[in-house]
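Written out below as structure tokens is the structure these notes cover.
Rule-based calculations on the coordinates, nothing more; no lab input. On a predicted model such as this, the values are computed, not experimentally measured, just so you know. No Cβ is skipped: glycine too gets one built from the backbone with ideal geometry, and neighbour counts run over all protein chains shown.
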């Protein structure tokens, strides 16, 4: 288990890790501390074979109200912030982007259970999550233009891929805060739930994955689907599909998957996403396919 956190909660039960943004008195506003703790929590989940799925939610009545604005007008001025990494002498990197990229690299599926308002980084951090569920009381807003800044957390890459370019531009241009029903209609969330049914529904989806699938296959599949969004030709998918089928087809998991089907029982997969990934993983860091 990771060390105790101060601004998030991290719990594992029934092979599901639940990460809860935990500054309810501040509507879970995003801070440098929360950034570092979220990265550490995803590191812990990836390293723990007992974790099959990650759920992210918020404490209290909000999911995340965006960046903590307690620094006032200098909130986004990194030269003026004593508590933030300075861009001087190095190439400065957006903190929300660090979190989004870490979620993108996850070996475990990630479900967002959006329990309340989610604006700014509170919504952009959800975009690399795989399945987004929302309470009927949730609200969303890509409010950057109303704060005199621009979208962050890699959302200029993720958002058009999730909802399409026209909807993405409308939400970003206007900076409006919109209801959960509009998020559903726009494809930002998969499903709306009554507030008290949100986490049970997220856990139901997580359990379906945890109880029936091979961890290595899920980890590979997650990266295959996400990364092919940026491929310039289906041949790139064919190359990685072929490598995956060849390597996994001779694995203990593949033998067990077929045998359990023939014997009409639940599979007992033994290979680890932390330790047993095939030798071509992570293939996107190669200079070229061999």
- [ ] With r as the distance between the Cβ atoms of residue 13 and residue 36 and R0 = 25 Å, compute the FRET efficiency 1/(1 + (r/R0)^6) and round to 0.05.
- [x] 0.55
- [ ] Considering only DSSP beta bridges where both residues belong to the chain, give the percentage that are antiparallel (nearest 5).
- [x] 30
Task: Packing rank of 214-222, 199-207, where each peptide gets the mean count of other beta carbons within 10 Å, highest leading - done: 214-222, 199-207
Open item on the list: Classify the chain from the C-alpha gyration tensor, please: rounded if a/c falls under 1.5, else prolate or oblate depending on whether a/b exceeds b/c.
Closed with: prolate
Open item on the list: Between 52, 132, 243, where does the largest GNM mean-square fluctuation fall for the chain, given springs only between Cα atoms within less than 10 Å?
Closed with: 243
- [ ] Please give the length that would be gained between residue 260 and residue 272 if that part of the chain were fully extended, namely 0.36 nm times their separation in residues minus their C-alpha to C-alpha distance (nm, one decimal).
- [x] 2.5 nm
TODO: May I ask for log10 I(q)/I(0) of region 224-288 at q = 0.13, 0.15, 0.27 Å⁻¹, from a Debye sum over the Cα atoms as equal point scatterers with solvent left out?
DONE: -0.47, -0.60, -1.18
TODO: Please give the peptides 103-115, 153-165 ranked by average Cβ packing (other Cβ atoms within 10 Å per residue), highest first, as a rough proxy for protection.
DONE: 103-115, 153-165
Open item on the list: Given a 10 angstrom Cα cut-off, can you work out which residue in 63, 261, 140 is the most mobile in a GNM of the chain?
Closed with: 261
Task: region 213-285: relative contact order in percent, alpha carbon pairs under 8 Å with at least 6 residues between - done: 41
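In percent, how large is the relative contact order of the chain, given Cα pairs closer than 8 Å and 6 or more residues apart? It would help to have the intermediate numbers written out before the result.
Numbers: 497 pairs, mean separation 45.5, N = 290.
For the chain, the relative contact order is 16 percent.
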- [ ] Classify region 145-215 as rounded, prolate or oblate from the Cα gyration tensor: take a ≥ b ≥ c as the square roots of its eigenvalues, call it rounded if a/c is under 1.5, otherwise prolate when a/b beats b/c and oblate if not.
- [x] prolate
- [ ] Sort 177-183, 248-254, 37-43 for me by packing, meaning the mean count of neighbouring Cβ atoms within 10 Å per residue, highest on top.
- [x] 37-43, 177-183, 248-254
Task: residue 182/residue 147 FRET efficiency (R0 25 Å; Cβ-Cβ; nearest 0.05) - done: 0.75
Open item on the list: Which one, 125, 224, 34, has the greatest fluctuation when you compute a Gaussian network model over the chain with C-alpha springs under 10 angstrom?
Closed with: 224
- [ ] Express in whole angstrom the spacing between the alpha-carbon centres of region 105-173 and region 194-273.
- [x] 25
- [ ] Quickly work out the residue 245-to-residue 228 label distance, labels modelled 7 Å from Cα along the C-beta direction, and quote it in nm with one decimal.
- [x] 1.1
